Each structure stands twice: as C-alpha cells, then as structure tokens.
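The values are calculated or read from the model by the stated rules, or taken from the named source; none is laboratory data. Predicted model only: the values in this text are computed from it and were never measured. Note: ideal-geometry Cβ built from the backbone for every residue, glycine included; neighbour counts use all protein chains shown.
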Amino acid sequence: MEILMTTLRSVTLAITGGIAAYKCCELVRGLKKAGIDVHVAMTEHAAAFVGPITFEALTGHPVALTEWAPGPQGSMPHIELNRSNDLLIVMPATANIIAKAAHGIADDLVSTMIAARRQPVLFVPAMNRFMWENPANLRNVEQLRRDGALFAGPACGFQACGDVGAGRMVEPSEVLDLLPGLLAPKSLSGRRVVITAGPTFEPIDDVRGITNKSSGLQGYEIARASRDAGADVTLVSGPVHLPTPFGVKRVDVTTAAEMLASVEEALKANGADVFIGVAAVADWRIATAVSGKMKKTDGRPPELRFEENPDILRTVGTRSDVKLKVGFAAEAENLEAYARGKCISKHADLIVGNLARTAIGSPDNCVLLVTPESAEAFGPASKREVALKIVSRIASMLNSQTSLIQNHAD
C-alpha cells in the first residue's frame with residue numbers, strides 16, 4: 001500500500017495486551033514500506049500474545065520491554081524513545097491503558113512513555129463491546145480527547161469473545177490510510193463536504209450499459225484530503241474498485257439519477273458547506289432499458305433512444321445553502337475556455353479542468369483551477385498531491401467568503 005507520509009519520519013509503536021496485538025505486525029510492515037523508522041515498546045501482557053523477536057525482525061531495532069533493562073535506549077527508555085519519534089501509536093489500546101493514560105498513571109514502560117511524551121499520541125482501541133461502552137471507559141476516552149489525544153476507531157464487528165458490537169480494533173490498513181493527514185492543518189474543521197466520484201453506469205438491458213471511463217481515484221483522494229483537513233465527508237460513489245477512505249461516509253450508486261438523489265439526500269440530511277463533483281457522470285441514458293438480455297435480430301443493430309441525464313453540478317449550483325460548489329471538466333482541447341464557460345453556466349465557484357487523454361486511468365494528474373476571473377495550473381503531480389492542492393484552494397475560498405461576510409457585518 002503506497003501512502004504519502006510528508007510529516008512522519010519516525011514512529012514508536014506501544015503494544016499492550018490484547019488479542020489484536022498480532023495485527024501490529026502488518027502495521028509495522030506498512031510503516032516500513034512507507035520509509036518510516038519504527039521502534040516498538042511492549043507491555044508484559046503484550047509479549048504473551050506476540051514474541052518481541054518478531055518485532056525486532058520487522059523493525060531492525062531491539063524491542064523495549066521494561067523501564068529497567070539496559071539497552072540502546074540507555075537506562076531511561078521512556079524518555080529516549082519519546083525523543084526519537086514524531087508520533088506515539090498505542091495499539092491495541094486496552095481499557096486498562098486508556099484508564100492509566102487518562103489519569104496520569106505511570107507504572108510500567110508504556111504508561112510511563114505516554115505520561116512523558118511531548119509528541120502526538122494515537123490510540124487504537126480494542127476491547128469487548130461492554131468494556132468499550134462502560135461509562136468509566138467512555139469518560140476516560142473523552143478526557144484523553146480533551147487533552148489532545150487522537151483516536152482511530154473502534155469499529156463495530158465480530159469480536160474474539162464471540163460478541164458483536166463496538167470495540168473491535170480497526171484494521172492496520174485503515175490506520176495507515178489515516179496517518180498521512182493525521183498531523184495536517186485542519187483547514188476544513190467543522191465543515192461538511194459532499195463529494196461525487198467514479199463513473200455512472202446506465203443500463204441498456206440487464207447485462208449491457210453505457211458508462212464513462214473513470215477509476216474514481218482522484219475523487220477518493222479528494223475525500224481523503226478533505227477528511228485530513230478536518231471535514232465531515234460524505235462520498236457518493238459510482239461503481240469503482242477502491243477501498244473506502246477511513247472515516248468517510250460512503251454511499252454507493254450506479255446511475256446518474258441515483259447519484260443525484262443521493263447527493264440531494266446528503267445535502268438535505270446534514271447540509272453541506274462544500275459540494276465537489278468529481279464523478280464522470282454519463283450525459284445520456286437509454287430512455288427505456290430492456291428487461292433481460294437484448295437479442296440479435298437478423299443481424300440488424302438495435303435502435304436505442306437516448307434521453308439526457310440530470311446535470312448534478314447545475315442542480316447543486318442553484319442551491320443557496322451550499323457555500324462553495326466545485327466541478328470537474330475533462331476536455332481534449334481549449335481547456336481553460338471550456339472550464340470557464342462551465343463555471344459560469346453551472347453557477348460553480350471553481351472548475352478543476354484536466355486533459356482527458358492524460359488523466360483517465362493514470363496515478364498522476366495535471367489540472368487547471370479555473371474561476372470566472374482566473375486560472376491556475378498545477379502539476380503534473382500525483383492525484384494525492386492534486387487533491388491536497390484542491391482542498392487548500394477550497395479552504396482559502398471559504399475563508400475569503402467568511403471574511404467578506406464579516407466585513408459587510410462591520
């Protein structure tokens with residue numbers, strides 16, 4: 001899994017005693033693959049689930065097990081390990097270690113490391129659902145959040161004890177997905193963002209249809225970047241083969257009509273500060289799709305009657321409750337002129353133009369950020385970097401709107 005780590009060079013992983021401890025091996029491998037130096041500290045109970053030698057082999061460093069054993073960290077590993085990393089990850093985070101951290105208890109290596117840290121700490125909880133729902137545990141989690149601690153999860157699902165519910169540890173892949181933006185500026189904090197991504201598919205019959213080429217990758221990266229900037233993100237996705245970004249609400253649709261209905265439902269249910277239409281929506285659909293499979297008839301091609309699909313960006317563009325509307329335009333030529341015309345005709349605030357022949361199916365993109373008054377080129381760059389640029393521009397435009405409103409009020 002390729003992830004962009006712009007702020008993390010070294011991480012300390014503190015493993016506590018839960019059955020999910022074995023999944024830390026996958027996290028370490030993912031961090032190492034991303035070029036991050038990893039040190040591991042373990043509680044006595046954690047070492048009963050997974051042997052320290054496993055993590056020594058994966059990290060290339062000795063594992064710290066006690067405050068007292070001399071080693072490369074000297075006689076004060078809880079201090080030295082904290083000095084050498086950008087982030088402390090506590091995974092799995094049991095109810096016990098959460099309680100200790102919330103109350104400042106430092107009676108073993110891991111709890112002492114948490115108490116002595118100066119860098120951010122990420123807790124990845126794992127416990128039985130009744131332990132998670134215990135009022136004392138929830139108070140401890142809330143206290144840690146107020147103290148600035150970060151949390152990933154827990155998830156709901158099947159647990160080792162046989163119960164089903166909240167408390168299951170999120171997967172290492174989800175933690176890795178979250179890390180690139182963990183320390184990013186929260187320029188969209190408190191904002192609600194609705195994004196469309198991927199293609200739509202308009203059926204001709206039960207086995208055939210028309211669609212646009214789109215991997216959905218750019219839209220999914222914008223969803224990640226918006227989440228990393230602190231936004232509450234709803235992603236309305238056409239049919240793609242991509243995992244849901246951690247912490248993003250995903251709604252799957254097939255047709256353009258379904259996509260519009262889901263966008264309007266998201267706007268109605270929660271409202272939105274920003275709409276970003278990245279999806280490659282089919283312009284037309286078959287007027288009457290055939291039930292079953294259309295048969296050949298004496299070698300004559302079938303006659304298909306098309307009707308126009310709803311224009312999602314234009315529909316949202318007429319809404320006054322959405323503060324910022326962003327669309328995409330893929331063209332083969334005259335990109336700036338077409339994008340500016342689309343920006344004006346569809347009542348959008350920003351159109352992201354790209355050349356269709358280079359963007360579709362590629363991990364990279366080269367875009368033109370077009371408003372009615374200006375155009376700014378960006379790229380070529382990875383779609384992750386393009387997403388970060390777009391989100392930064394959106395945050396700047398929202399701030400300008402807020403300043404303008406305040407100036408008028410004054």
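Within segment 251-279, the residues that satisfy the criterion of being closer than 15 Å to PRO199 by Cα and either surrounded by fewer than 24 Cβ atoms within 10 Å (Cβ to Cβ) or in contact with an Asp or Glu (Cβ under 8 Å, 6 or more places away or on another chain) (or both) are VAL251, ASP252, VAL253, THR254, THR255, ALA256, ALA257, GLU258, LEU260, SER262.
All of (1) modelled with pLDDT under 85; (2) at negative phi; (3) loosely packed, with under 15 Cβ neighbours inside 10 Å; (4) of a type in the set (Gly, Ala, Ser) hold for ALA136 with one exception: (1). Figure legend. Inter-residue proximity from segment 26-41: first residues at positive phi, second residues surrounded by fewer than 19 Cβ atoms within 10 Å (Cβ to Cβ) and at pLDDT below 95, beta-carbon distance below 8 Å, spacing 6+ or different chains. Indicated pairs: GLY35/MET5. In the set GLY153, GLY190, GLY165, only one residue is out of contact with any helix residue (DSSP H, G or I) (no Cβ under 9 Å at 6 or more places or on another chain) and closer than 28 Å to GLU133 by Cα; that residue is GLY190.
The residues of segment 107-146 that are assigned to a loop (DSSP other than H, G, I, E, B) and touching a residue at least 12 places away in the same chain (Cβ under 8 Å), listed by number, are ASP108, ARG117, ARG118, GLN119, PRO120, ALA126, MET127, ASN128, ASN134.
In segment 198-252, what count of residues is obtained for those that are of a type in the set (Lys, Arg) and either under 19 Å from ALA330 (Cα atoms) or free of Cβ contacts under 8 Å to residues at least 60 places away in the same chain (or both)?
4
Output the residues belonging to segment 286-344 that are closer than 25 Å to GLU258 by Cβ, surrounded by fewer than 17 Cβ atoms within 10 Å (Cβ to Cβ) and among the hydrophobic types (A, V, I, L, M, F, W, C). Matches in segment 286-344: ALA287, ALA289, VAL290, MET294, LEU304, PHE306.
Scan segment 23-38 for residues that are more than 25 Å from GLU67 (Cβ to Cβ) and either in contact with a helix residue (DSSP H, G or I) (Cβ under 8 Å, 6 or more places away or on another chain) or in a helix (DSSP H, G or I) (or both) and jot them down. Selection gives LYS23, GLU26, ARG29, GLY30, LYS32, LYS33, ALA34. Applying the criterion of at least 1 residues that are within 22 Å of LEU369 (Cβ to Cβ) to the strands (runs of 3 or more DSSP E) found wholly in segment 196-308 leaves 232-237, 274-277.
Please go through segment 159-185 and give me each residue that is part of a loop (DSSP other than H, G, I, E, B) and either polar (S, T, N, Q) or surrounded by fewer than 21 Cβ atoms within 10 Å (Cβ to Cβ) (or both), ordered by number.
GLN159, ALA160, CYS161, GLY162, ASP163, GLU171, LEU182, LEU183, ALA184, PRO185
Take ALA223 and decide whether it is closer than 30 Å to ARG305 by Cβ and at pLDDT 90 or above. Taking the combined requirement at face value, the residue does not satisfy it.
Restricting GLU265, GLU308, GLU303 to those that are under 31 Å from the mean Cα position of the chain (by Cα) and at negative phi reduces the list to GLU265.
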